[in-house]
Amino acid sequence: MKRVLILHYHEIWLKGGNKNYFLSRLVAAIKRSVADLPVSPLQFISERLLLAPREEAVIPLILERLRRVFGLAYIAPARELSWDMEQLGAAACEMMAEKNPRTFAVRAKIADRNFGMNSMELERALGRVILDHLRSRGSDVRVKLNDPEVTCWIEVIPEKALVYTERVEGAGGLPAVTGGRLIVLLSGGFDSAVAAYKMMRRGAHATFVHFFGSPSATRGSSRPVAEEIVRVLTPYQFTSRLYCVPFDSIQRQIVAGVDQSFRVLLYRRMMARIAREIARAERALGLVTGDSVAQVASQTLHNLVAIDRGLDLPVYRPLAGDDKGEITRLAQRIGTYKISCEPFEDCCPRFMPRSPAIFARPAELDRAESALDIEGLVNLGLETLSCTDFKFEGGEVT
């Protein structure tokens, strides 16, 4: 029996007249993800994408790659058979015997009108065959249509049937690089990496900007942490760019020139201004931050409004309503959690005021920074930055 992977998409169904555009980008992403692996050409049959591995041993690696392809709802490792009911029954019995469930159900989808049964008839017929086979082996298995322990899925397409008992969850969302470019202010912590992932999952292509300070006696620089996070996120969008901006000298001028209660807010205003100039150079459509409302003092609604005043780009905050538990769980799932746990010197908490402002008004920040050379500080950041490009190809990020 031929092994094949069924690649199901979901949200692309909702795109109406634009469906073909998103589907073509999904197909391109799939091909790019497995380009170096032994697979047959991707097939599109009855609204299904089918990928056949040439070697069974490579299936786990293919699944690992495909789980990072945005747009895929799930991947099902299936066996491809003819319409012959005897073959279908034998394959289904063998696969279910391997699972040895206490309860099971059969679910069928018929995508060919020439098939001799409807879905309910096929489910009943195969369900009886499986039940008799498992009970003949001494099992006390029973059919349970709602929330069974194992489901046997049958998908009938022209001239063949696909049988499977497992579904591997995909990344979902929309295919990579279908929604324009955004600039992500990447700190090295949990939040900004997860915020980047969530916007990438909506089709945005992320370019990263990281502001770093000099290392301390006990903690290293945050720059290697940011680089490693970008390395982990790059396979989701295939290419990434990371701008690293030294922030020490800018930060010291802010500390020396403004009231301490506004320090962190003005750090963030300055970072946003520098990121805005990078966005113009990259033709990006907005900025992304990892803010979760009221998680820390600088993230109160009042302070976020005051920080954003004067920017001529939208600022997206995909974590605004998430709590820390939700954020860290997603960080663990996408692979950035352990990286962000590494100790590093974060520039924002440096010179932390005793009583940071939590209800700042835009006019107060304007007055506080009036003694600063804003244009000079922005130029200082742009003149001292460095840029690194990342590319996912052949299963590796270079």
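Assorted remarks:
- Heavy-atom accessible area ranking, 1.4 Å probe, most first, across Arg167, Arg124: Arg124, Arg167
- The heavy atoms of Lys160 present about 40 square angstrom of accessible area, all protein chains included, probe 1.4 Å.
- Here Val258 sits with roughly 20 square angstrom of accessible surface, probe radius 1.4 Å.
- Per-residue HN-Hα couplings for region 70-85 [Karplus 6.51, -1.76, 1.60; θ = phi - 60°; Hz; x = Gly/Pro]: 5, x, 8, 6, 7, 10, 10, x, 10, 10, 9, 9, 7, 6, 4, 5
- Beta bridge orientation in region 44-180: antiparallel %, DSSP, nearest 5: 55 percent
- Dipole magnitude of the chain, debye to nearest 20 (Cβ charges: Lys/Arg +1, Asp/Glu -1, about Cα centre): 400 debye
- Placed amide H near Val168: partners under 5 Å, 5+ positions off or other chain: Ile75, Ala76
- Among Ala35, Ser370, Asn303 - extreme Cα towards positive end, dipole of the chain, charges at beta-carbon: Asn303
- By accessible area with a 1.4 Å probe, ligands and nucleic acids excluded, highest first: order of Arg219, Arg263: Arg219, Arg263
- Unsatisfied cross-links (Cα-Cα over 32 Å) in the set Lys2/Lys31; Lys160/Lys198; Lys144/Lys324; Lys15/Lys160; Lys31/Lys109; Lys19/Lys144: Lys160/Lys198; Lys144/Lys324; Lys19/Lys144
- Residues whose placed amide H lies under 5 Å from that of Gly220, excluding near-sequence neighbours: Glu345
- Structure-based [θ]222 nm, the chain - -39500 (n - 2.57) summed over DSSP H runs of at least 4, per residue, nearest 500: -12000 deg cm²/dmol
- Distant-in-sequence amide H partners of Phe70 (H built 1.01 Å from N, under 5 Å): Ala176
- Theoretical gain in end-to-end length, Thr239 to Phe359 [0.36 nm per residue, Cα-Cα removed]: 39.3 nm
- Of the residues Trp83, Trp13, the one with the largest accessible area comes first in the ranking Trp13, Trp83, computed with a 1.4 Å probe on protein heavy atoms.
- Protein heavy-atom surface of region 162-235, 1.4 angstrom probe: 50% of the accessible area is carbon and sulfur, with nucleic acids and ligands not counted.
- Solvent-accessible surface of the chain, taken per residue with a 1.4 Å probe and all protein chains present: 46 Å².
- Each residue of region 122-127 is assigned a 3J(HN,Hα), and the resulting list reads 5, 4, 5, 5, 6, x Hz, derived from the Karplus form 6.51 cos²θ - 1.76 cosθ + 1.60 (θ = phi - 60°), x at Gly and Pro.
- Positive minus negative residues near Glu56 (Lys, Arg vs Asp, Glu; Cβ under 12 Å): +3
- In order along region 289-300, the phi-based Karplus estimate (6.51 cos²θ - 1.76 cosθ + 1.60, θ = phi - 60°) of 3J(HN,Hα) comes to 10, x, 5, 10, 3, 6, 5, 10, 4, 6, 10, 5 Hz; Gly and Pro are listed as x.
- Portion, in percent, of the accessible area of region 1-100 that falls on carbon or sulfur, probe 1.4 Å: 50 percent
The values are calculated or read from the model by the stated rules, or taken from the named source; none is laboratory data. Given the structure is predicted, the values throughout are model-derived calculations rather than measurements. Here Cβ is always computed from backbone atoms with ideal geometry, including for glycine, and neighbour counts include all displayed protein chains. These area figures cover heavy atoms from the full protein model, side chains too; ligands, DNA and RNA do not enter into them. Shrake-Rupley method; radii C 1.70, N 1.55, O 1.52, S 1.80 Å.
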